[in-house]
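Taking it in order: structure first as structure tokens, then the write-up.
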Amino acid sequence: MTVICNATPLINFAAIARLDILQATFDQIAIPQAVYGETTGLGFPGTGFVLQAIASGWLQVRPVATISPTIPAELDDGEREAIALAIEISERRILLDEREARQVAQRLGLQVMGTLGILLLAKNNQTIPQVRPILDRMMNVAQYWVSAALYEQVLQQAGEDI
């Protein structure tokens, strides 16, 4: 299963050295050049993991030919290019966390999943035994923000005690 990915999900998993979860959940992940820049830039501790994933072939950097005017300029470059790439190569699945980008992608007919959905899917696929320890590490190490209500909802969906 190939999927297009924006920077935030990639950063969340790379920051805790768990890109293996993404690899096990999705056979191939494609990222646009802007996302590559965001995830391999100076100061990002997960750069080595991202470069290793690219070298191994399951994470691919793809060029984006054009960005449709239907993708608002207010979104950041990575979000705009990820949505444009999905449309350009007719890949309907995209990994996005930011609300505005998710809304744009859905309006354009894309199937959106975020970091929390990836964790739930990985548990359902038995890639991970529990969501909580991984989500807690993302929140503590990657500074991934999740509201208390959403945290509880995800753990309930995962069948884990709150």
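The values are calculated or read from the model by the stated rules, or taken from the named source; none is laboratory data. Predicted model only: the values in this text are computed from it and were never measured. For neighbour counting, all protein chains shown are included, and Cβ atoms are generated from backbone atoms with ideal geometry for every residue, glycine included. Surface accessibility is based on the protein's heavy atoms, side chains included, excluding ligands, DNA and RNA. Shrake-Rupley method; radii C 1.70, N 1.55, O 1.52, S 1.80 Å.
Below, the figures for the structure above:
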read-out: Members of segment 1-17 that are more than 10 Å from the chain's Cα centre (by Cα), closer than 17 Å to Trp145 by Cβ and of a type outside the set (Gly, Ala, Ser); value: Ile16
read-out: All positions within segment 32-50 that are outside any loop (DSSP other than H, G, I, E, B) and touching a helix residue (DSSP H, G or I) at 6+ places or on another chain (Cβ under 6 Å); value: Pro32, Ala34, Val35, Glu38, Thr39, Thr40, Thr47, Phe49, Val50
read-out: Index of the failed condition, Glu100 passing every other in (1) open to solvent by 80 Å² or more (accessible area, probe 1.4 Å); (2) within 24 Å of Asp20 (Cα to Cα); (3) modelled with pLDDT of 95 or more; value: (2)
read-out: Checklist (1) farther than 24 Å from Ser147 by Cβ; (2) hydrophobic (A, V, I, L, M, F, W, C); (3) in contact with a Leu (Cβ under 8 Å, 6 or more places away or on another chain) applied to Ile67, failing item; value: (3)
read-out: Count of segment 58-80 residues which are open to solvent by less than 20 Å² (accessible area, probe 1.4 Å) and either in contact with a Pro (Cβ under 9 Å, 6 or more places away or on another chain) or in contact (Cβ under 8 Å) with a residue 60 or more places away in the chain (or both); value: 2
read-out: First in segment 24-43 and over 13 Å from Gly78 (Cα atoms), second anywhere and of a type in the set (Phe, Trp, Tyr) and open to solvent by less than 30 Å² (accessible area, probe 1.4 Å), Cβ under 9 Å, 6 or more apart; value: Phe26/Trp58; Asp27/Trp58; Gln28/Trp58; Ile29/Trp58
read-out: Complete set of residues in segment 114-134 that are among the polar types (S, T, N, Q) and farther than 21 Å from Trp145 by Cβ; value: Asn124, Asn125, Gln126, Thr127
read-out: Number of positions in segment 38-57 that are modelled with pLDDT under 95, surrounded by fewer than 16 Cβ atoms within 10 Å (Cβ to Cβ) and not aliphatic (A, V, I, L, M); value: 5
read-out: Residues being in a loop (DSSP other than H, G, I, E, B) and either crowded, with 24+ Cβ neighbours inside 10 Å or in contact with a Gly (Cβ under 7 Å, 6 or more places away or on another chain) (or both) - total across segment 1-21; value: 1
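Here is a yes/no grid of residues against (1) assigned to a helix (DSSP H, G or I); (2) touching a residue at least 40 places away in the same chain (Cβ under 8 Å):
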residue	(1), (2)
Ala82	yes, yes
Glu91	no, yes
Val112	no, no
Pro129	no, no
Pro133	yes, no
Arg137	yes, yes
Trp145	no, no
Asp161	no, no
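Yes/no per residue for (1) more than 30 Å from Ile162 (Cβ to Cβ); (2) part of a helix (DSSP H, G or I); (3) of a type in the set (D, E, K, R):
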{"residue": "Gln23", "(1), (2), (3)": "no, yes, no"}
{"residue": "Ala30", "(1), (2), (3)": "yes, no, no"}
{"residue": "Gln52", "(1), (2), (3)": "yes, yes, no"}
{"residue": "Val61", "(1), (2), (3)": "yes, no, no"}
{"residue": "Val64", "(1), (2), (3)": "yes, no, no"}
{"residue": "Glu79", "(1), (2), (3)": "yes, yes, yes"}
{"residue": "Asp97", "(1), (2), (3)": "no, no, yes"}
